[in-house]
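Structure, as structure tokens:
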Amino acid sequence: MRILVRLLAGAVSACGARPPVVAPPKEPPVVLVPPAPPGSASRQHSPRQPASPRDADLAGAWGGWLSEGITYQVCMEIPADLGREGVVAYFDGLECAGTIRHVASDGARHTFVETLLWGTVSQGGNCVDTGRIEVSLNPDGSLAWAWFQIDASTPQVTTTLQKLPECR
């Protein structure tokens, strides 16, 4: 077998031809997923579709004014797939923003945990790093909105949000 390979290699080089260059096969991209926190089954979220048409009405951008000693605006984008992250931003008096993650629903009320990524106290801003947001659709199509300290049972601030084309 070695002799045949040498003969073929010699014949190819004698003819001046070069063996074809074959590109190595492309490997699929590697996606790194951090390990799951202790006690949880998986860090990856499986897509969850809204449980009812009314839940589908939650999807989209919602905005309104808040007041708790200072007055400011909030805009919250709730994804149609509640298993994906959404966005929350506070502005015009309080400047911070981050992500929201759907964590529970009792049918009418939906609970999200927010994780602020900029504007936090630790970054020199005025916002705490995390909070809990509870929302429910009102009969008129507006959204009842309440913000809680992460482990509190009483909301720190409440308002009613209106559907918007987008958060700007």
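The values are calculated or read from the model by the stated rules, or taken from the named source; none is laboratory data. Note that the structure is a prediction, hence the values are computed from the model and not measured. For neighbour counting, all protein chains shown are included, and Cβ atoms are generated from backbone atoms with ideal geometry for every residue, glycine included.
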Could you check, for the range 84-94, whether at least one of its residues is in contact with a His (Cβ under 8 Å, 6 or more places away or on another chain) and of a type in the set (Ser, Thr, Tyr)? no
Restricting to the range 128-150, what's the tally of residues that are outside any strand (DSSP E or B) and farther than 14 Å from His110 by Cβ? 8
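For the range 66-92, which positions are small (Gly, Ala, Ser) and either farther than 14 Å from Trp145 by Cα or at pLDDT 95 or above (or both)?
Step one: of the range 66-92, the residues small (Gly, Ala, Ser) are 67, 69, 80, 83, 86, 89.
Across the range 66-92, the qualifying residues are Gly69, Ala80, Gly83, Gly86, Ala89.
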Here are Thr99, Thr115, Thr154: which of them is out of contact with any Pro (no Cβ under 6 Å at 6 or more places or on another chain) and outside any strand (DSSP E or B)? Thr154
